[in-house]
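Trainee: Got a structure here, written out as C-alpha cells. Questions coming.
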Amino acid sequence: MLVPRHGGIKIIAIVPDSLAETAGISRGDKLLEINGEAVLDHLNYQFLVSQRDFTEVMVEKPNGNLLRVELENGGDALGISLAQDKIKVCRQNCVFCFVHQMPQGFRKSLYLKDEDIRLSFLYGHFTTLSNSDNDELNRIIREGLSPIHVSVHATDPAARARVVGNTKHGDILSKIDHLIDGGIEIHTQVVIAPGFNDGEIWERTVTNLWERRACQTSGSGNGRGGILSLSCIPVGLTGHRQNLPLVQEIDSDYAAKWVNRWKKEARCFAKAWNGEPWLLLADEWFTRAGLTLPGRNFYSSDWTQIENGVGLIRRFQEHSRRFIKSVRAKDFAGLRLLLLTGSSFAPYLSQTIELLKQYVDSKIKVAAVPNRAFGTSVTVAGLLCGHDLLESAQKHKFFADGSTVDAVVIPSASVRAMPDSSGHAKPADIYQFLDDTTVSEMQSKLKLPVILSGDNLSQMLFNIADSTQ
C-alpha cells in the first residue's frame, strides 16, 4: 500500500474503549485519510467524520505500516485527539500592522502575524484572506465555516493594495463574492488610516459591502450568504514605527468629525436593516473625541464585534447601572481600592465609580496608566505592561489623607494565563503581562494584593472575595 504524499496529523491521545482503540489505532499513529480524503486539520477532521454513519480511516503506524479500518461511528467523533494545528501566518505588510510596531524584547509569540480562516471561524480573528486561494475558499463553503471575519480595509483594488502592501491582494470583493455565493456569512472590518482609505475610498467600501449585506428575511431559501456587519476602527499607532510608512494619527478633531458624520449614517443603515445595527463604530472613535457613547440601541442585540472594541464601554456602563442599584453592590462598602486602567477608559470608569459612591460608602480611586512600553498614543487597557502598571500603582496607592489602599485592581485584559505544567502554581504566578512580568511579582513589589478587574463590577467583587480566601 502506498503512503499518501501528505504527512498526516499525529494522534496524541486515544479515549479508552473508544472506536479508535478497539480498531487498533494508537497514540503516536498518524491520521492520514478519512473516507479517502486527506485530513487537513482539526476542523477538517470534525467535518469528515460527521459525513457518514460508517467512516473509513487510514493511519500510519510509527514503523511505517498503514492501517485502514471502517468504523461505525454514526457521524460522531472516533475517540482520538490530534496534535495542535500549525498556525498560518499573514503574507501582507499592512501599513498599520501592529506586529510591525511592536517594541523589541517581548516573547516570540507576540510577533506572530496569524492569518488563519480556522481562527477566524472559531475565535473571531480577522483575516485578510491572503492565504485563501480558490481551494481554501471552496473548503470554507463545503465545511460551512460561517460566519468568518474579514479585514477588508478598502474595496477599491488600488487603495487596498496600498494599505496591505501587496499588489496581488487588491481585489478582495471577488473572494467575498465567492464566499457569499456559497452561503457564507461574513463580519467585516476596516481600519481607517487617513489618506489611505478614508474619504471617497471609505464611502465606496461602505456602499460595496452594504450591497452585499446578509438577507434578514427568514426562510428566504436563496442559499446566499452576505455581510453581517461592518465595523470601522481608528488606526492604532505605537511609538515604534521606525522604517515604516508615514501614517497620520487620528486626533480628537478627526475623531469628532468622523463620529458626527458616521454616527448618523450608522443609524440610517440600522433603520434600513430592520432596526439591527449593521455599520458599527468602535468605542475608540468616541474616546479619542472625548464624547459620550451612544445609547444601548446603537449596538447590536448580541453585541456583534465587541471583541473588536465595539460597545465594550457601553456594555460595562449598562451592567454597572443595573448592578449599582442591586443588593450585591453593598459588598463594595468599606473597600479601599485603586483601579488602574488605560487612559481611554479611565474617564468612563471614573464616572461609574462616582455613581457607585452615591449608593455605597467606599474609598475607590481610578488612575489612568500612561503606556510607556508601546508609546503614550496607545491608550487601551489590554496593551498595558507590568512595569507601567507597577509604576502607576506605586504613584497612586495613597489616598489624599496619606493612607494606603488595601488592594490594587488591574485590567483583566492586560494579562494572559500561561500554562502551568506543575498543576500547583498560584493564580498570581500564572497570570503574565505582555512584558512577561507576573501578577505575583507585582504583588511582591507593591506589598499589596493585586486583583483582576473582570469584565464588570460584579466580577470584580467576586475576584476581590476570592483573593481573601
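The values are calculated or read from the model by the stated rules, or taken from the named source; none is laboratory data. As the structure is a computational prediction, the values presented were derived from the model and not from experiment. Virtual Cβ from ideal backbone geometry, glycine too; neighbours counted across all protein chains shown.
Trainee: In this structure, is residue 343 over 30 Å from residue 272 (Cβ atoms), surrounded by fewer than 21 Cβ atoms within 10 Å (Cβ to Cβ) and under 21 Å from the mean Cα position of the chain (by Cα)? Spell out the reasoning first.
Mentor: On the way: over 30 Å from residue 272 (Cβ atoms): yes; surrounded by fewer than 21 Cβ atoms within 10 Å (Cβ to Cβ): yes; under 21 Å from the mean Cα position of the chain (by Cα): yes.
Yes, satisfied.
Trainee: Something else about it: How about region 26-45: which of its residues are touching a Phe, Trp or Tyr at 6+ places or on another chain (Cβ under 7 Å) and surrounded by fewer than 17 Cβ atoms within 10 Å (Cβ to Cβ)?
Mentor: Correct list: empty.
Trainee: Then there is this: For residue 231, indicate whether it is among the hydroxyl-bearing types (Ser, Thr, Tyr) and within 20 Å of residue 259 (Cβ to Cβ). Quick ask: steps written out before the conclusion?
Mentor: Working: among the hydroxyl-bearing types (Ser, Thr, Tyr): yes; within 20 Å of residue 259 (Cβ to Cβ): yes.
For residue 231, the condition - among the hydroxyl-bearing types (Ser, Thr, Tyr) and within 20 Å of residue 259 (Cβ to Cβ) - is met.
Trainee: Sticking with this structure for a sec: Do you know which residues across region 46-65 are crowded, with 16+ Cβ neighbours inside 10 Å and part of a strand (DSSP E or B)?
Mentor: Within region 46-65, 55, 57, 58, 59, 60 qualify.
Trainee: Ok, one more. Of a type in the set (A, V, I, L, M) and surrounded by 17 or more Cβ atoms within 10 Å (Cβ to Cβ): does that describe residue 256?
Mentor: On the way: of a type in the set (A, V, I, L, M): yes; surrounded by 17 or more Cβ atoms within 10 Å (Cβ to Cβ): no.
So residue 256 fails the test.
Trainee: If you don't mind, there's one more thing I want to ask. Does residue 377 satisfy the condition of being farther than 16 Å from residue 335 by Cβ, touching a strand residue (DSSP E or B) at 6+ places or on another chain (Cβ under 9 Å) and not acidic (Asp, Glu)? It would help to see each step written out before you state the result.
Mentor: Working: farther than 16 Å from residue 335 by Cβ: yes; touching a strand residue (DSSP E or B) at 6+ places or on another chain (Cβ under 9 Å): no; not acidic (Asp, Glu): yes.
Judged against the criteria, residue 377 is not a match.
Trainee: Working carefully through the options 170, 199, 236, 182, find the one that is out of contact with any strand residue (DSSP E or B) (no Cβ under 7 Å at 6 or more places or on another chain) and at positive phi.
Mentor: Values: 170 fails: at positive phi; 236 fails: at positive phi; 182 fails: at positive phi.
Checking each option against the conditions leaves just 199.
Trainee: Can you go through 286, 269 and tell me which one is in contact with a helix residue (DSSP H, G or I) (Cβ under 9 Å, 6 or more places away or on another chain), within 30 Å of residue 182 (Cβ to Cβ) and not aliphatic (A, V, I, L, M)? Can you show your working first?
Mentor: Details: 286 fails: within 30 Å of residue 182 (Cβ to Cβ).
Residue meeting the stated conditions: 269.
Trainee: To continue, here is another question. Could you look through region 247-303, keep only residues that are of a type in the set (S, T, N, Q) and over 24 Å from the mean Cα position of the chain (by Cα), and pick out the one that is farthest from residue 195 (Cα to Cα)? Reasoning before the result, please.
Mentor: Start the filter on region 247-303 by keeping residues that are of a type in the set (S, T, N, Q), which leaves 248, 252, 260, 274, 287, 292, 297, 300-301.
Going one step further and asking which of them are over 24 Å from the mean Cα position of the chain (by Cα), we end up with 248, 252, 260, 274, 292.
On the way: 248: 8, 252: 17, 260: 19, 274: 33, 292: 27 Å.
Among residues in region 247-303 that are of a type in the set (S, T, N, Q) and over 24 Å from the mean Cα position of the chain (by Cα), the one farthest from residue 195 (Cα to Cα) is 274.
Trainee: Among the helices (runs of 4 or more DSSP H) confined wholly to region 243-332, which include 1 or more residues that are in contact with a Gly (Cβ under 7 Å, 6 or more places away or on another chain) and closer than 29 Å to residue 227 by Cα?
Mentor: Counting at least 1 such residues, we get 283-289.
Trainee: Report yes if some residue within region 112-135 is part of a loop (DSSP other than H, G, I, E, B), surrounded by fewer than 13 Cβ atoms within 10 Å (Cβ to Cβ) and at pLDDT below 90; otherwise report no. Before the answer, list the steps.
Mentor: First, pick out the residues of region 112-135 that are part of a loop (DSSP other than H, G, I, E, B): 112-113, 115-116, 124-126, 128-133.
Subsequent filtering for residues that are surrounded by fewer than 13 Cβ atoms within 10 Å (Cβ to Cβ) retains 112, 133.
Cutting the leftovers down to at pLDDT below 90 gives us 112.
Taking every residue of region 112-135 in turn, at least one turns out to be part of a loop (DSSP other than H, G, I, E, B), surrounded by fewer than 13 Cβ atoms within 10 Å (Cβ to Cβ) and at pLDDT below 90.
Trainee: Just need a number here: residues in region 60-77 that are under 11 Å from residue 24 (Cα atoms) and free of Cβ contacts under 8 Å to residues at least 40 places away in the same chain.
Mentor: 1
Trainee: Another question, if that's okay. Restricting to region 388-401, name every residue that is out of contact with any Leu (no Cβ under 8 Å at 6 or more places or on another chain) and either loosely packed, with under 15 Cβ neighbours inside 10 Å or outside the structural domain of residue 343 (by TED's automatic domain parsing) (or both).
Mentor: Hits for region 388-401 are 391, 395, 398, 399, 400, 401.
Trainee: List, please: which pairs have Cβ atoms under 8 Å, are six or more places apart or on different chains, and start with a residue in region 317-337 that is touching a residue at least 60 places away in the same chain (Cβ under 8 Å) and within 30 Å of residue 297 (Cβ to Cβ) and end with one that is buried (at least 16 other Cβ atoms within 10 Å of the Cβ) and of a type in the set (Phe, Trp, Tyr)?
Mentor: 329/323
Trainee: Would you mind stating whether residue 349 is aliphatic (A, V, I, L, M), part of a helix (DSSP H, G or I) and not assigned by TED's automatic domain parsing to the domain that holds residue 188? Break it down stepwise before answering.
Mentor: On the way: aliphatic (A, V, I, L, M): yes; part of a helix (DSSP H, G or I): yes; not assigned by TED's automatic domain parsing to the domain that holds residue 188: yes.
Criteria met by residue 349.
Trainee: I'd like the full set of residues that are basic (Lys, Arg) and either touching a strand residue (DSSP E or B) at 6+ places or on another chain (Cβ under 6 Å) or not assigned by TED's automatic domain parsing to the domain that holds residue 74 (or both), limited to region 9-52. Break it down into steps so the answer makes sense when it comes.
Mentor: Restricting attention to region 9-52, the residues satisfying the condition of being basic (Lys, Arg) are 10, 27, 30, 52.
Scanning region 9-52 gives 10, 27, 30.
Trainee: Next question, about the same structure. Being touching a helix residue (DSSP H, G or I) at 6+ places or on another chain (Cβ under 7 Å), at pLDDT below 95, closer than 23 Å to residue 374 by Cα and not in a helix (DSSP H, G or I) narrows it down to one residue among 435, 420; which is it?
Mentor: Details: 420 fails: closer than 23 Å to residue 374 by Cα.
None of the others qualify; the one that does is 435.
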